[in-house]
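The values are calculated or read from the model by the stated rules, or taken from the named source; none is laboratory data. These figures come from a predicted structure and were not determined experimentally. Cβ coordinates were reconstructed from backbone atoms using ideal geometry, including for glycine residues, and neighbour counts include every protein chain displayed. Accessible surface areas use protein heavy atoms only, side chains included; no ligands, DNA or RNA. Shrake-Rupley method; radii C 1.70, N 1.55, O 1.52, S 1.80 Å.
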Amino acid sequence: MTGGAGFIGSNFVHHVIGNTDHSVIVLDKLTYAGNAASLAGLPEDRVRLVQGDIADSALVDELFGQVDAVVHYAAESHNDNSLHDPRPFLDTNIVGTYTLLEAARKHDKRFHHISTDEVYGDLELDDPARFTESTPYNPSSPYSSTKAGSDLLVRAWVRSFGVKATISNCSNNYGPYQHVEKFIPRQITNVLRGIRPKLYGKGENVRDWIHADDHSSAVLTILDKGVIGETYLIGADGEKDNKTVVELILAVTGNPTDAYDHVTDRPGHDMRYAIDSTKLRTELGWTPRYQDFEAGLKATIDWYRENEHWWAPAKDGVEAFYASKGQ
Ligand code: NAD
Ligand code: TDX
């Protein structure tokens, strides 16, 4: 797999080791977003971390010869970074995915591509619609446009070269091991540090939250039963606006629920994401386990409280970066 030292990738490694007999080779560049410590404590005879770039075709070729299937999580993943420096997003998300697809083609290996609901653009707050597998692509940011581009490469390699690939587009994940640049960990670690949470704009934007462990079980289900060439949307009916999430973090940590600041909004900020995961549920029989967002959020807050050594080294730099942007 690729990107296994990142947030969702490391949750997937923990899930695979805890729930299957498989062994995993992780190819990860260990960028600022990757952390070998996220794989600490896992059995060394079943998890091997190889530091390297998914755009390094010689390394990728060598590793494809050693595995049965590849799950591709590696990406530049943060919208705000893509607004300030888009280039790494093109290199990793487009050229990196192309490099992996060429290896999947050469070695004739099963390939699963991890993508995002952001490829579909956004919905209005009062729109009853949700994204489905047939929603037209309409990405807004440099990040989401490179993810959309990578999805289209996968579809073309399936059709033109017969690569045995599937794609999943998931909604916003939360859980342990998420970088403090992202919304929920940023606000949790702000509260733990006595800093007021920062809401972009009015805080009305809606995200459809799913626990990272549910994302992992969905990906295993697709690897097991998914139909080659198909796309599956992954979501757990978790729509919440950002203001509600911040108020919940403040409430469960015993703080006044209005103790947050409104800061400069993100340019081009998508208003609402919402996933209809009927296809995955009815055709492949998947259901999420974490149906109670407040309970999942409390467990996540406890994890950040107990693992300050994991997030503290990145915190000051992230806050200095946001402060320089008025956020
Ligand atoms: P992340 O930024 O936490 O982790 C990305 C990982 O990829 C890091 O370990 C990093 O070191 C590695 N990486 C980056 N460039 C690389 C390269 N060139 N070669 C090898 N490794 C490289 O990201 P995440 O939030 O865990 O997202 C993982 C995947 O899931 C991404 O493809 C993302 O688009 C997708 N996704 C994320 C979310 C979400 O809510 N975070 C939702 C839907 C889909
Ligand atoms: O400090 C903040 N304040 C704030 O209000 C930050 C960091 C974010 N926000 C808002 C912006 C979004 O409306 O919170 C929401 C979530 O922001 P992010 O955590 O940056 O996530 P988002 O932009 O929704 O993208 C995430 O979900 C889809 C992942 O980062 C992507 O990789 C994934 O594709």
- prompt: About its Cα centre, how strong a charge dipole does the chain have in debye, to the nearest 20, once Lys and Arg get +1 and Asp and Glu get -1 at the Cβ?
  reply: 260
message: If you roll a 1.4 angstrom probe over the protein chains with everything in place, what fraction of the accessible area of the range 40-121 belongs to carbon and sulfur, to the nearest %?
response: 48
task: Would you mind pulling out the separation of the Cα centroids of the range 247-272 and the range 54-108, in Å?
output: 34
- prompt: How many nm is it between the label spots at D261 and A69, if each spot is 7 Å from the Cα in line with the beta carbon?
  reply: 4.7
statement: Checking rank on 254-264, 97-107, 211-221, with mean other Cβ inside 10 Å and highest first, the result is 211-221, 97-107, 254-264
- request: Determine ³J(HN,Hα), in whole Hz, for all residues of the range 290-299 in sequence, where each value follows from phi through the Karplus function 6.51 cos²θ - 1.76 cosθ + 1.60 and θ = phi - 60°; x replaces Gly and Pro.
  value: 8, 8, 9, 4, 4, 5, x, 5, 4, 5
query: What's the extension gain from E133 to L83 if we count 0.36 nm per residue and subtract their Cα-Cα distance?
result: 15.3 nm
message: Please give the Cα centre distance for the range 125-183 versus the range 280-298, rounded to the nearest Å.
response: 19
query: In whole Å and largest first, what semi-axes does the C-alpha gyration tensor of the range 75-228 yield when each eigenvalue is scaled by 5 and square-rooted?
result: 30, 17, 17
- prompt: On full extension of the chain, what length is gained from Q291 through K202, given 0.36 nm per residue of separation minus the C-alpha to C-alpha distance?
  reply: 29.4 nm
- line: For the chain, the per residue accessible area (1.4 Å probe, Å²) is 42
task: Express in nm, to one decimal, how much length is gained between A40 and M271 on full extension, taking 0.36 nm for each residue of separation and deducting their alpha carbon distance.
output: 79.5 nm
task: Kindly provide the Kirkwood hydrodynamic radius of the chain in Å, to one decimal, from all pairs of distinct alpha carbon atoms.
output: 20.1
- prompt: What number, in percent, do you get for the relative contact order of the range 225-304 if the mean sequence gap of Cα pairs under 8 Å and at least 6 apart is divided by its residue count?
  reply: 43
query: P(r) of the range 7-90 in 10 Å steps, Cα pairs, percent per bin?
result: 15, 47, 30, 8, 0
message: Taking R0 as 45 Å, what FRET efficiency do you get between N307 and R155 from their Cβ-Cβ distance, rounded to the nearest 0.05?
response: 0.70
query: What shape does the range 71-132 take by its C-alpha gyration tensor, where a ≥ b ≥ c are the square roots of the eigenvalues and a/c under 1.5 counts as rounded, a/b above b/c as prolate, and the rest as oblate?
result: oblate
field: Projected label distance in nm at L125 and D56, using a 7 Å step from Cα toward the beta-carbon
entry: 4.8
field: Label zone at I25 (point 7 Å along Cα-to-Cβ), backbone N below 15 Å, the range 102-125
entry: 103-111
